[in-house]
Each structure stands twice: as C-alpha cells, then as structure tokens.
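J.: Below are the structure tokens for one structure; questions will follow.
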Amino acid sequence: MSFQPPTTTHNSAACAVIALGSNLAHEGESPAQIVIEAAKRLQPLSLCVPRLSRIYSTSAVGLGAGAPDFCNAIAIIEPAAALSAQELLDGLLTIELELGRERLQPRAGASYASRTIDLDLIYCRNETIDSPTLQLPHPRAAERAFVLEPLAELWPDLVLPGQHSSVAALLRAL
C-alpha cells in the first residue's frame with residue numbers, strides 16, 4: 001500500500017477514519033511495516049481501497065521515559081452500509097490480535113503502554129455514539145496532532161461531529 005495523494009472528495013456519510021499506530025516491532029517487522037500491514041488488512045472492511053496517509057514518527061507521549069517513538073498514520077475506508085460502527089470496531093480489534101497486540105499494563109508513572117499495533121476508530125459516517133465500548137467521534141481526536149496531521153493530509157475539510165472547525169483548523173490551533 002502506498003501513500004495516497006490528498007483529496008477532499010470523501011463522502012462524510014459513507015466513510016470511516018482509522019488511526020493506526022505502532023511503536024514495537026513484531027515477528028521481524030518494524031513498527032512502520034506493521035502499520036502498513038494493518039492498513040492492508042482493512043481492505044475486507046471496505047468497499048474501496050483504503051486511502052493511507054504518510055507514516056509519521058511521533059514521540060511516545062504518556063509512556064514514560066525511554067519508550068520508543070510511534071509510527072502513526074490515518075486510513076480512510078468506506079465500510080458497507082450493513083456494517084455497524086461497532087462491527088467495524090470489532091474488525092479492528094481482530095486485526096490488532098492478528099498482528100500481535102497485547103493489552104499490556106502501563107509502566108509505573110506512565111498512562112499508556114507500548115504496543116505492536118493500535119487501531120482507533122476516529123470517525124464513522126458522521127455518527128455520534130457514546131456506549132461503553134465505543135465513542136464516536138473519538139473523544140480525544142481533536143487534541144492529538146498524531147491524529148490530526150495525517151488526517152489533514154487526506155481530508156483537511158472534515159468537520160468531526162461536535163466540532164465547529166475543520167481538521168486542518170484544529171491542527172493549526174494545536
């Protein structure tokens with residue numbers, strides 16, 4: 001899967017946005033290679049070829065000193081109308097398991113733990129959901145440069161539900 005040029009022609013009623021991140025190698029694959037493999041595995045969940053941003057290297061915030069940097073990207077897919085946001089999330093969790101994701105406890109003094117892959121459903125068809133297993137849009141997406149920067153590359157004019165500014169404007173405001 002290669003980098004896709006920027007576009008703003010996405011249909012907000014049909015698309016989903018997934019954040020991909022990795023900071024641990026797994027079975028000989030680097031974090032960047034794992035992100036690319038995870039993006040490839042999104043294809044069965046999408047009616048179109050997933051669009052993948054460039055891969056960004058970002059500091060591991062909240063993991064404590066010495067944690068390896070993350071490789072982060074955004075993928076935009078078009079899930080089938082019959083696939084609910086919860087079913088899409090379940091598919092993402094399955095991909096995480098297939099790629100060696102373990103839900104590790106954070107180290108002392110850290111908020112988060114390192115991981116081979118993390119797939120977060122950021123946005124799905126302009127839906128707003130607040131359930132015990134899924135919140136849409138992702139509650140911290142508008143605060144995270146590692147989400148906004150690659151998303152602005154692919155869909156700068158997207159306005160996440162509950163926001164008044166586009167992704168590009170949110171990124172500029174950080």
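J.: Rounded to the nearest 500 deg cm²/dmol, what is the calculated helix-only ellipticity per residue at 222 nm for the chain, with -39500 (n - 2.57) per DSSP H run of length n ≥ 4?
T.: So the helix-based figure for the chain works out to -7000 deg cm²/dmol.
J.: What length, rounded to one decimal in nm, is gained on full extension from LYS40 through to ASP69, with 0.36 nm per residue of separation minus their alpha-carbon distance?
T.: Numbers: separation 29, 0.36 × 29 = 10.44 nm, distance 2.21 nm.
Contour length minus the Cα-Cα distance gives 8.2 nm.
J.: Given 0.36 nm per residue, what is the gain on full extension from ASP130 to VAL61 after removing their alpha carbon distance, in nm?
T.: Roughly 22.3 nm would be gained on extension.
J.: What is the packing order of peptides 163-174, 143-154, 27-38, taking the mean over residues of other C-beta atoms within 10 Å and listing the highest first?
T.: Per-residue mean Cβ counts within 10 Å order the peptides as 143-154, 27-38, 163-174.
J.: Under a 1.4 Å probe, what is the accessible area of segment 68-174 per residue, stated in Å²?
T.: So segment 68-174 comes to 48 Å² accessible per residue, rounded to a whole number.
J.: For the chain, build the convex hull from the C-alpha positions and give me its volume per residue in Å³.
T.: 116 Å³
J.: Let's see if you can work this out: charge +1 on each Lys and Arg Cβ, -1 on each Asp and Glu Cβ, no other charges. What is the dipole magnitude of the chain about its Cα centre, in debye to the nearest 20?
T.: Charge dipole of the chain: 260 debye, to the nearest 20.
J.: Beyond 18 Å, what share of the Cα-Cα pairs of segment 4-65 is found? Please give it as a whole percent. Don't skip to the end; give the middle numbers.
T.: Details: 894 of 1891 pairs.
Tail of the P(r) past 18 Å holds 47 percent of the pairs.
J.: Can you send over the carbon and sulfur percentage of the accessible area for the chain, probe radius 1.4 Å, protein chains only?
T.: About 53 percent, which is the carbon plus sulfur part of the accessible surface.
J.: For ALA169 and ALA14, what does the FRET efficiency come to when R0 = 22 Å and r is the distance between their Cβ atoms, rounded to the nearest 0.05?
T.: E(calc), rounded to 0.05, equals 0.45.
J.: Follow-up question, since we're still on this one. Among ASP90, ASP157, ASP69, determine the one that fluctuates most according to a GNM of the chain built with springs between C-alpha atoms less than 10 Å apart.
T.: Per the Cα network of the chain with a 10 Å cutoff, ASP90 tops the list.
J.: Extension gain ALA81-ALA25, at 0.36 nm per residue separation less the Cα-Cα distance, in nm?
T.: Values: separation 56, 0.36 × 56 = 20.16 nm, distance 3.45 nm.
Extra length from ALA81 to ALA25 when fully extended: 16.7 nm.
The values are calculated or read from the model by the stated rules, or taken from the named source; none is laboratory data. Source: prediction; values computed, not measured. Glycine gets a Cβ as well: all are built from the backbone with ideal geometry, and neighbour counts include every protein chain shown. Surface areas here come from the heavy atoms of the whole protein model, side chains and all, with no ligands, DNA or RNA. Shrake-Rupley method; radii C 1.70, N 1.55, O 1.52, S 1.80 Å.
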